[in-house]
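Novice: Okay, here's the structure, questions in a sec.
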Amino acid sequence: MKWLGGRQSDNVEDRRGVSGGKVALGGGVIGIIILLLNVFGGENGQTIGNVLEQMQGGQTQTEAAAPLSKEDVEMGNFVRVVLARNEDTWTKIFAQHGMTYEKPKLVLFRGSVNTACGGASSASGPFYCPGDRKVYMDLAFFEELKTKFGAEGGDFAIAYVIAHEIGHHIQTLLGTSAKMRQEQQGKSEAEANKLSVALELQADFYAGVWAHDNQQYLEAGDIEEALSAANAVGDDAIQSKMQGHVVPDSFTHGTSEQRMYWFKKGYKTGDINQGNTFDEIR
């Protein structure tokens, strides 16, 4: 992705050089499982962060602050450019529909983080917290995505994840998330999960809309990187890897095929009116 020299957003909080505070010990397999369960963690890292600490008996350690390397600084600059381009795209789209876009913050952290949705660790994966309207990311996740989950990696995989989490912010601003949670009330677990899947697929669609609006910055292989990341985190791919079989009624994020389909639809159309994933899953 072409990004050098691009405008950098002022809405990034870089906490990577700050002491991480309490970090759960003994990540290993437990950390990987939880990351897989909550990858692209929707809107709330609170539950996963609490579960991780409980599973490990509440054992914690204090993570010493580490200075940022040259590569860390460069990655931070890349994230700022990607966030700025999300701001530009959604400010324009909202204006076209007679609305005002409220810019979210993006927090970079290492190890663990406190949010308005509760505490979370890196094992939660990237997530959006509606309580403070911030996206939280530990960039170490992307190495995990590549080495453990089989994604291609690359800078556009990171851009895709950022755009997906911004998609959850869009859903908060439009009231989609609140409506979905209301509709989940009184539903069976399987039916409630279908609504959760629709919310996640719509965030993938919005990520595709963003990519469509930024085609001038794309390079060969960028879309393939995004699709590879989407494929790696499909519920069916995760369950097959972790337990050897899939349970469709337990899906909360969508299959690999669904996630790639909706990203591609957003990318091809660039039209937010074509992203009604809720009608598609009924």
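The values are calculated or read from the model by the stated rules, or taken from the named source; none is laboratory data. Because the structure is a prediction, the values reported are computed rather than measured. These area figures cover heavy atoms from the full protein model, side chains too; ligands, DNA and RNA do not enter into them. Shrake-Rupley method; radii C 1.70, N 1.55, O 1.52, S 1.80 Å.
Novice: At a probe radius of 1.4 Å, what is the per-residue accessible area of residue 18, in Å² to the nearest 10?
Specialist: In the full protein context, residue 18 sits at about 90 Å².
Novice: If you count only protein heavy atoms with a 1.4 Å probe, what accessible area per residue comes out for region 163-216, rounded to a whole Å²?
Specialist: 36
Novice: What is the gain in length, in nm to one decimal, between residue 143 and residue 70 on full extension, counting 0.36 nm per residue of separation less the C-alpha to C-alpha distance?
Specialist: Extra length available between residue 143 and residue 70 comes to 24.6 nm.
Novice: Rounded, prolate or oblate: which fits region 119-262 when a ≥ b ≥ c are the square roots of the eigenvalues of the alpha-carbon gyration tensor, with rounded for a/c under 1.5 and prolate only if a/b beats b/c?
Specialist: Taking the square roots of the gyration eigenvalues as a ≥ b ≥ c, region 119-262 is oblate.
Novice: Out of residues 5 or more away from residue 115 or on other chains, whose amide H comes under 5 Å of its own, with H placed 1.01 Å from N in the peptide plane?
Specialist: 120
Novice: Just the number please: accessible area per residue for region 95-140, 1.4 Å probe, all protein chains included, in Å².
Specialist: I get 37 Å² per residue for region 95-140.
Novice: Which shape class applies to region 137-218: rounded if a/c is under 1.5, otherwise prolate when a/b exceeds b/c and oblate if not, where a ≥ b ≥ c are the square roots of the Cα gyration tensor eigenvalues?
Specialist: Here region 137-218 falls in the oblate category.
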